[in-house]
Amino acid sequence: MVAVRSATASLLLAGALLLTGCSDDAPAAPASVVTPTSPSSPSPVPSVTPVTSVASPSPSPSPSSGAGKVVVLDPGHNGGNGAHPAEINRQVPAGRGRTKPCNTTGTATNAGYPEHAFTFDVAQRVGKALADKGIRVVYTRQDDTGVGPCVDRRAAIGNEANADAVVSIHADGSDAAGATGFHVAYSAPPLNAAQGEPSTRLAQTLRDTMRTSGFSAANYIGTNGLSGRADLAGLNLSTRPAALVECGNMRNATEAARMTTAQGRAQFAAAITAAIEAYLAS
């Protein structure tokens, strides 16, 4: 997903990669499960966790203006990645003529709370809130114990779902002195129409809503909370409006403390939910 960086020693197993610039306790996933198919996608390695999509419950009595629309939530990494380095290190298409590792282990706080657990918890909270408004939610992974899916497959899930918005949820692991704050990545330069105005508008809406929700923009990457990227496979391969939000820096003590509490994760989820609703209504 994002550039490679070392996480705490307790998370790494031999050969596993970490993200920088991205480099998942979560509510239960909704019950109705449908397995998406992708005939054109490369066959997954045998032990990679099957990826499924989840249909939202029936609309609430007061649905939002996004009712009936489709949102794909992509919680970064997976809890089983670290135990399967050969699988997550295999090269897959990344767009722009490049390849990159299937996936990575992600980063962690200095105390060992992993990014994959944080992102899964936040994504489940966002998904429930959206589903309660009548929005159909599709997840790129259904648990925090599997392997993958690979970054190209994550992009394909959004494309196959004909998503109105695809939001990848991550947390950074920068060791830069004083590095703090969130940032939102989008594909730049765009490779198709969806990566143009729709994706930049989604990124800007996420940025603006994070700010108004009390989160500060990153002081070490991007500009004013936005970061155009050409190296992120999930964004490069998307044919739907897509953005990736790095909720904060897990190596920063203050932000780590917020991420490791249920209350803090609820705050991140509320901001991302509000941003997605605002985007769908725009």
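The values are calculated or read from the model by the stated rules, or taken from the named source; none is laboratory data. The shown structure was predicted, so the numbers you read here are calculated from the model rather than taken from an experiment. Here Cβ is always computed from backbone atoms with ideal geometry, including for glycine, and neighbour counts include all displayed protein chains. Ligands, DNA and RNA are excluded from the accessible area calculation, which covers all protein heavy atoms including side chains. Shrake-Rupley method; radii C 1.70, N 1.55, O 1.52, S 1.80 Å.
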How many residues are closer than 22 Å to residue 178 by Cβ and either buried (at least 24 other Cβ atoms within 10 Å of the Cβ) or charged (D, E, K, R) (or both) if we restrict to segment 243-258? 9
Pick from segment 172-184 the residues that are part of a loop (DSSP other than H, G, I, E, B) and touching a helix residue (DSSP H, G or I) at 6+ places or on another chain (Cβ under 9 Å): which of them is most open to solvent (accessible area, probe 1.4 Å)? 180
When restricted to 125, 141, the only residue under 20 Å from the mean Cα position of the chain (by Cα), at pLDDT 95 or above, crowded, with 24+ Cβ neighbours inside 10 Å and of a type in the set (D, E, K, R) is 141
Could we say that residue 227 is over 24 Å from residue 107 (Cβ atoms) and buried (at least 18 other Cβ atoms within 10 Å of the Cβ) here? no
Are there any pairs, at least 6 apart or on different chains, whose C-beta atoms fall under 6 Å, with the first in segment 152-163 and within 15 Å of residue 75 (Cβ to Cβ) and the second at pLDDT 95 or above and part of a helix (DSSP H, G or I), and if so, which? 154/234; 155/234
I'd like the residue in segment 209-219 that is more than 18 Å from the chain's Cα centre (by Cα) and part of a helix (DSSP H, G or I) and, out of all such residues, is surrounded by the fewest Cβ atoms within 10 Å (Cβ to Cβ). 212
Unmet requirement for residue 66, which otherwise passes all of (1) open to solvent by 40 Å² or more (accessible area, probe 1.4 Å); (2) at pLDDT below 95; (3) among the small types (Gly, Ala, Ser): (1)
If we scan segment 233-242, do we find a residue that is open to solvent by 10 Å² or more (accessible area, probe 1.4 Å), among the β-branched types (Val, Ile, Thr) and over 30 Å from residue 93 (Cβ atoms)? no
Answer yes or no: is there a residue in segment 191-205 that is closer than 20 Å to residue 270 by Cβ, modelled with pLDDT of 95 or more, hydrophobic (A, V, I, L, M, F, W, C) and open to solvent by less than 10 Å² (accessible area, probe 1.4 Å). yes
What is the number of the single condition among (1) closer than 18 Å to residue 106 by Cβ; (2) surrounded by fewer than 24 Cβ atoms within 10 Å (Cβ to Cβ) that residue 266 does not meet? (1)
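Residue-wise test of (1) under 13 Å from the mean Cα position of the chain (by Cα); (2) assigned to a loop (DSSP other than H, G, I, E, B).
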site: 130; (1), (2): no, no
site: 147; (1), (2): no, yes
site: 156; (1), (2): no, no
site: 170; (1), (2): yes, no
site: 186; (1), (2): yes, no
site: 190; (1), (2): no, yes
Please tell me if residue 119 is crowded, with 24+ Cβ neighbours inside 10 Å and out of contact with any Phe, Trp or Tyr (no Cβ under 9 Å at 6 or more places or on another chain). yes
